[in-house]
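Written below as structure tokens is the structure these notes are about.
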Amino acid sequence: MTTTPTPDAVTPLPGTDERAVLAALTEALHAVIPELALEGTAVTMDTRFVEDLDLESIDLVTLTAELGRRYGDRVDFPAFFASLELTEVIELSAGRLVRYIAGRTR
């Protein structure tokens, strides 16, 4: 029996689907900052790491290391962050990071 995935289905493989990348980012955030799960914080494309989640620079480093284990060499997080101005890092949203990851994994 063959099933057709629904449009809302999230692919279990890492890849280009932004919803799948957002889900992977959310999992990584919960691994890095377990108290997010306890607070019931929803991570959306508009969620800002510093402003909304109170992440500090070390948290971003840990988060990108966690994501690096998932995506490997396909995603160059140091180059991504090096390309940003300080204000862009402070205002960085989940959506911007998701789009970067999805673009690098296509």
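I'm told residue 58 meets every condition in (1) at pLDDT 95 or above; (2) open to solvent by 70 Å² or more (accessible area, probe 1.4 Å) except one. Can you identify the failing condition by its number?
Only one criterion is unmet by residue 58, namely (1).
Right, residue 97: open to solvent by less than 30 Å² (accessible area, probe 1.4 Å) and assigned to a helix (DSSP H, G or I) or not?
Details: open to solvent by less than 30 Å² (accessible area, probe 1.4 Å): yes; assigned to a helix (DSSP H, G or I): yes.
Taking the combined requirement at face value, the residue satisfies it.
Restricting the first residue to region 27-42 and requiring it to be under 18 Å from residue 58 (Cα atoms), which pairs with a second residue that is in a helix (DSSP H, G or I) and at pLDDT below 85 meet a Cβ separation below 7 Å and a spacing of at least six or different chains?
Pairs that qualify, where the first residue is under 18 Å from residue 58 (Cα atoms) and the partner is in a helix (DSSP H, G or I) and at pLDDT below 85, are 29/36; 30/36; 30/37.
Give the residue, chosen from 42, 82, that is small (Gly, Ala, Ser) and within 24 Å of residue 17 (Cα to Cα).
When all the criteria are applied, what remains is 42.
Given the options 46, 52, name the one that is among the acidic types (Asp, Glu) and at pLDDT 95 or above. Break it down stepwise before answering.
Details: 52 fails: at pLDDT 95 or above.
Step by step, each of 46, 52 is checked, and only 46 is among the acidic types (Asp, Glu) and at pLDDT 95 or above.
Considering region 43-55 alone, what residues qualify as being open to solvent by 60 Å² or more (accessible area, probe 1.4 Å), part of a loop (DSSP other than H, G, I, E, B), of a type outside the set (Ser, Thr, Tyr) and touching a residue at least 24 places away in the same chain (Cβ under 8 Å)? Walk me through how you get there before you give the answer.
Step one: of region 43-55, the residues open to solvent by 60 Å² or more (accessible area, probe 1.4 Å) are 44, 46, 48, 51-52, 54.
Within this subset, residues satisfying the condition of being part of a loop (DSSP other than H, G, I, E, B) are 44, 46, 51-52, 54.
Restricting the remaining residues to those that are of a type outside the set (Ser, Thr, Tyr) gives 46, 51-52, 54.
Result: 46, 51.
Please specify each residue of region 74-94 satisfying the condition of being more than 16 Å from residue 24 (Cα to Cα) and part of a helix (DSSP H, G or I).
78, 79, 80, 81, 82, 86, 87, 88, 89, 90
From the list 37, 65, which residue is small (Gly, Ala, Ser), out of contact with any Gly (no Cβ under 8 Å at 6 or more places or on another chain) and at pLDDT 90 or above?
Values: 37 fails: at pLDDT 90 or above.
The match here is 65.
The values are calculated or read from the model by the stated rules, or taken from the named source; none is laboratory data. Here the structure is a predicted model, which is why all the values come from computation and not from measurement. When we count neighbours, we look across all protein chains shown, and the Cβ atoms used for this are built from the backbone with ideal geometry, even at glycine. All accessible areas refer to the heavy atoms of the entire protein, side chains included, with ligands and DNA or RNA removed. Shrake-Rupley method; radii C 1.70, N 1.55, O 1.52, S 1.80 Å.
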